[in-house]
Amino acid sequence: MILVTGGAGFIGSNFILDWLAQSDEPVLNLDALTYAGNSENLASLTTDARYTFVHGSIGDGALVTNLMTRYQPRAIVNFAAESHVDRSIHGPEDFIQTNIVGAFRLLEAARAHWGGLRDRQEFRFLHISTDEVFGTLQAGDPAFDEQNQYQPNSPYSASKAAADHLMRAYHHTYGLPVLTTNCSNNYGPFHFPEKLIPLVIHNAISGRPLPLYGDGRQIRDWLYVKDHCSAIRRVLDAGLPGQTYNIGGWNERTNLEVVMMLCDVLDELKPRADGSSYQEQITFVTDRPGHDRRYAINAGKIEAELGWRPAETFETGIRKTVRWYLDHPDWVRNVTLGSYRNWIAKQYA
Ligand code: NAD
Ligand code: TYD
């Protein structure tokens, strides 16, 4: 079996659903169910004997050690993290605790478990990281490759960078078979509507402003979440321990382009009552402090060495995503009650 951490979040839940759709290998999901974790994402697995959920933190060393002793996972895939840059600006503490201290405790438990295995070479610790650790690019700079210097600019990216360094050190010093992936911005089903794409879909159909920070010309490199999941499976199958792999879809867009495209798809699938475009709702708001201007991933290594390629284009992925949100109003309603409202009030005051 494999141990997945943070599997009730956006990417983790997509990963578990895809995994069990393609394999009978059981999954143990350890998730602290923070505001970003949602058991409803995995409701279809409630009676599936291949799926086990444990409510707890990667920072709880005793719990993680017990789980490894009891379930003997052949691999760990670590998604668990605080993941929202804006929240890291308001309050970095949770990011330090989970993304750095939690990752360290998970590594320690994994090292002890791995040390006792007969076939240690077969074990894998796959750590899911981000392109944000590399910092920001100017227009015309080459995309980030695996040799790029780490220059994180936000408390979020700095905490992810620290964890990446621990991963590297545990491989280099102890020989733990660690793999790290650095992926660009994901989008798709189960994305919490505090991030740009689901926020814009939700606000558009609720008649609220579509907030673009600063001039809206910042660039992100977008990948459909199922393509990220297929890349992770490929790295787990064929990646070399100690290596890092950049994952991206060669798909750079300004935030303004992304929002315009979402408006176009919504205009077609769910036209506004007054017949005008959702673009009318676009509003430019105060910029994020320290906002990185551009991210871009060179995915040449994973393509050449592991033969991975994304299946979706941005056009097909965005259309699937908008449809998913329109088809799941109950999911959206449940995650936008309570503390979500407090966050929106604070962030967009
Ligand atoms: P998310 O915020 O949607 O989900 C995070 C999950 O981790 C939640 O289920 C949460 O409950 C859980 N969690 C938080 N603290 C925990 C703890 N201490 N112990 C156990 N579980 C805990 O995040 P996401 O967007 O799914 O991102 C998953 C991973 O992928 C993160 O490590 C993130 O840095 C990385 N990543 C995300 C993106 C993106 O675009 N979303 C891109 C590249 C990399
Ligand atoms: P986000 O989804 O928060 O991801 P990240 O900061 O990790 O890239 O934001 C994506 C881009 O969209 C980023 O440049 C910030 C911008 N953005 C807005 O312009 N308005 C918003 O309301 C949000 C949430 C993000």
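Some observations on this one:
- The listed residue being within 12 Å of ligand 1 (Cβ to nearest atom), touching a Gly at 6+ places or on another chain (Cβ under 9 Å), within 28 Å of A238 (Cα to Cα) and not polar (S, T, N, Q), out of R124, R105: R105
- The set of residues from the range 1-46 being assigned to a loop (DSSP other than H, G, I, E, B), open to solvent by 10 Å² or more (accessible area, probe 1.4 Å) and out of contact with any Gly (no Cβ under 8 Å at 6 or more places or on another chain) comprises M1, S23, D24, E25, P26, L33, T34, Y35, T46.
- Qualifying residue in the range 282-295 (condition: small (G, A, S), open to solvent by less than 50 Å² (accessible area, probe 1.4 Å) and modelled with pLDDT of 95 or more): no
- Hey, G59 within 9 Å of ligand 1 (Cβ to nearest atom), outside any loop (DSSP other than H, G, I, E, B) and at negative phi or not: no
- Filter result for S157 (assigned to a helix (DSSP H, G or I), out of contact with any Pro (no Cβ under 6 Å at 6 or more places or on another chain) and either open to solvent by less than 50 Å² (accessible area, probe 1.4 Å) or of a type outside the set (D, E, K, R) (or both)): yes
- The number of residues in the range 113-154 that are under 18 Å from G242 (Cβ atoms) and part of a helix (DSSP H, G or I) comes to 6.
- Qualifying position, being within 16 Å of ligand 2 (Cβ to nearest atom) and open to solvent by 20 Å² or more (accessible area, probe 1.4 Å), among Q147, Q121, Q138: Q138
- Conditions (1) in a strand (DSSP E or B); (2) within 15 Å of ligand 1 (Cβ to nearest atom); (3) of a type in the set (A, V, I, L, M, F, W, C): number failed by L212: (2)
- Look at (1) open to solvent by less than 20 Å² (accessible area, probe 1.4 Å); (2) touching a helix residue (DSSP H, G or I) at 6+ places or on another chain (Cβ under 8 Å) and you find that R253 fails only one, number (1).
- Among residues that are surrounded by fewer than 20 Cβ atoms within 10 Å (Cβ to Cβ) and more than 8 Å from ligand 1 (Cβ to nearest atom), R87 is not included.
- Some residue of the range 205-225 being among the aliphatic types (A, V, I, L, M), buried (at least 23 other Cβ atoms within 10 Å of the Cβ), touching a residue at least 40 places away in the same chain (Cβ under 8 Å) and in contact with a Leu (Cβ under 6 Å, 6 or more places away or on another chain): no
- In the range 171-195, the qualifying residues are those that are closer than 27 Å to L33 by Cβ and more than 10 Å from ligand 1 (Cβ to nearest atom), and the one that is surrounded by the fewest Cβ atoms within 10 Å (Cβ to Cβ) is P193.
- Taken over the range 305-344, the criterion of being of a type in the set (G, A, S), at pLDDT 95 or above and surrounded by fewer than 17 Cβ atoms within 10 Å (Cβ to Cβ) is satisfied by G307, A311.
The values are calculated or read from the model by the stated rules, or taken from the named source; none is laboratory data. Model, not experiment: these values are computed from the prediction. When we count neighbours, we look across all protein chains shown, and the Cβ atoms used for this are built from the backbone with ideal geometry, even at glycine. For the accessible areas, the whole protein counts, side chains as well, though only heavy atoms, and no ligand, DNA or RNA atoms are used. Shrake-Rupley method; radii C 1.70, N 1.55, O 1.52, S 1.80 Å.
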